[in-house]
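Structure record follows, encoded as structure tokens.
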Amino acid sequence: MNAAALAGIRRVFDAFRGGDPRALFELIAEDAVWIVNGTVPVAQEYNGRDRIFELFRETRRLTDGTYLSTLRWALADDEHAVAVYRAQGRRLGRELDIDQVLLIEHVDGVWRHITAIPSDPPAFEAFWAEAQDER
């Protein structure tokens, strides 16, 4: 276990919930890549911290600020980490309440490559689908 990497994960999730935003700048590399799997508009490869931060802003905007990420548990070694968190939010009359997984590649605790994987892909897709996709 890498205690420093685990502490960094906790700092990032604390920042997501209104904690110190400097953690995001300190722990997500400027040239990091964040991949969100799926077919909905938020499912993309986000290259660079600026684009990753756009994803964070967009999830808050699309959910009128209701989107929350609550860390459940994490494991880390000197190069890799796994963070399982509860993703919750509301939008367009829909609710999301699922576990998601972040697979993190880091260098000295700084996140370089992140892949987000929902535990319930159909629920994730239904939640983030555009309104015109409902038929």
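Rule-based calculations on the coordinates, nothing more; no lab input. The structure presented is a predicted model; accordingly, all values stated were derived computationally and were not measured. Because the Cβ atoms are built from the backbone with ideal geometry, glycine has one as well, and the counts that use them run over all protein chains shown.
From Cα pairs below 8 angstrom and at least 6 apart in sequence, can you work out the relative contact order of segment 3-130, rounded to a whole percent?
Working: 254 pairs, mean separation 31.9, N = 128.
Across segment 3-130, relative contact order equals 25 percent.
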message: Between helix 3-16 and the chain, what is the angle of the helix's C-alpha long axis to the longest principal axis, kept within 0 to 90° and rounded to the nearest 10?
response: 30 degrees
query: Using a simple spin-label model with points 7 Å from Cα along the Cα→Cβ vector, what separation in nm is obtained for Asp77 and Arg57?
result: 3.8 nm
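Kirkwood hydrodynamic radius of segment 3-130 from all distinct Cα pairs, in Å?
Numbers: mean 1/r = 0.0683 Å⁻¹.
Roughly 14.6 Å, rounded to one decimal.
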message: For the chain, take the longest principal axis of its alpha carbons; what is the angle in degrees between that and the long axis of helix 49-62, to the nearest 10 within 0 to 90?
response: 40 degrees
- request: Quickly rank 105-117, 33-45 as a protection proxy: mean count of other C-beta atoms within 10 Å, highest first.
  value: 105-117, 33-45
